[in-house]
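Q: The structure follows.
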Amino acid sequence: MGFTAVYDNVVLIGFMGSGKTSVGKTLARQLFKEFADVDTIIEAEQNASVSEIFKTKGEAHFRALEQKCINELTQKKGQIIATGGGLPIYSAIADKSLIVHIDADFDVIMGRISDKERSKRPLLQDEERARTLFDERLDTYKELAVFRADANQSVSTFIHFIRDFILDQRVL
Ligand code: S3P
């Protein structure tokens, strides 16, 4: 009998604004799993927005909070976890995570993100720097993921591909 991996959690990775949070919420509802969003948890614990944390404590501090948060979350099982775009770049993600890359092109992301959503992301303020960051990070996202979802269309058009893939896996 062959070895079948058993995953504890599904972890969504991908660039800022690619749709991880909305994909995660929908998947969790459809698959009867719990949803967890790393940025939202950090903001609640720190009682401050991501922008405020970057401004007052610096990016390195935020990265440490992300590592702590994903470590704590992955102690539990059966969740769909949405991460911030930098989390897989700076933090290790527990081995038994089914990592899914929500993959949208940079221009698609910039074309559909609202001004309000953009203003919440300190690393998306300077478009050229954000484009460089995107190019630098893409290979890491691809290497870590076991499944890539083409997120250049609306969530409703691609979510069933992810859902079917997850249903074929053994996720606790
Ligand atoms: C970041 C992505 C953000 C947030 C922070 C830093 C990044 O999350 O964690 O602004 O480095 O890519 P989203 O990917 O949800 O925008």
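Read-outs throughout are calculated quantities, based only on the coordinates presented, and are distinct from any laboratory measurement. Every value quoted in this text rests on a predicted model; they were computed, and no experiment measured them. In this analysis, Cβ positions are derived from the backbone assuming ideal geometry, glycine residues included, and neighbour counts consider all displayed protein chains.
Q: Determine, yes or no, whether residue 46 is surrounded by fewer than 17 Cβ atoms within 10 Å (Cβ to Cβ), among the polar types (S, T, N, Q) and without any contact (Cβ under 8 Å) to a residue 40 or more places away in the chain.
A: When the stated conditions are applied, residue 46 passes them.
Q: Among the residues of region 50-89, which ones are in a loop (DSSP other than H, G, I, E, B) and loosely packed, with under 14 Cβ neighbours inside 10 Å?
A: Matches in region 50-89: 58, 75, 76.
Q: Kindly indicate whether residue 34 is in contact with a helix residue (DSSP H, G or I) (Cβ under 8 Å, 6 or more places away or on another chain) and surrounded by fewer than 18 Cβ atoms within 10 Å (Cβ to Cβ).
A: Spelling it out, residue 34 is indeed in contact with a helix residue (DSSP H, G or I) (Cβ under 8 Å, 6 or more places away or on another chain) and surrounded by fewer than 18 Cβ atoms within 10 Å (Cβ to Cβ).
Q: Being part of a helix (DSSP H, G or I) and either touching a residue at least 60 places away in the same chain (Cβ under 8 Å) or of a type in the set (Phe, Trp, Tyr) (or both) is the filter here, so list the residues in region 139-155 that pass it.
A: Answer for region 139-155, where residues must be part of a helix (DSSP H, G or I) and either touching a residue at least 60 places away in the same chain (Cβ under 8 Å) or of a type in the set (Phe, Trp, Tyr) (or both): 141, 144, 155.
Yes/no matrix, rows are residues, columns are (1) within 12 Å of the ligand (Cβ to nearest atom); (2) under 12 Å from the mean Cα position of the chain (by Cα):
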{"site": "44", "(1), (2)": "no, no"}
{"site": "54", "(1), (2)": "yes, no"}
{"site": "73", "(1), (2)": "no, no"}
{"site": "77", "(1), (2)": "no, no"}
{"site": "83", "(1), (2)": "yes, yes"}
{"site": "93", "(1), (2)": "no, yes"}
{"site": "99", "(1), (2)": "no, yes"}
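Q: A further question on this structure: Give me the residue from region 101-127 that is assigned to a helix (DSSP H, G or I) and of a type in the set (A, V, I, L, M, F, W, C) and, out of that set, nearest to the ligand (Cβ to nearest atom).
A: 123
Q: Cβ-Cβ below 9 Å, separation at least six or inter-chain, first residue in region 102-114 and closer than 12 Å to residue 15 by Cβ, second among the charged types (D, E, K, R) and buried (at least 16 other Cβ atoms within 10 Å of the Cβ): which pairs?
A: Here the result reads 102/20; 102/148; 103/148; 110/118; 113/121, each pair linking region 102-114 to a residue that is among the charged types (D, E, K, R) and buried (at least 16 other Cβ atoms within 10 Å of the Cβ).
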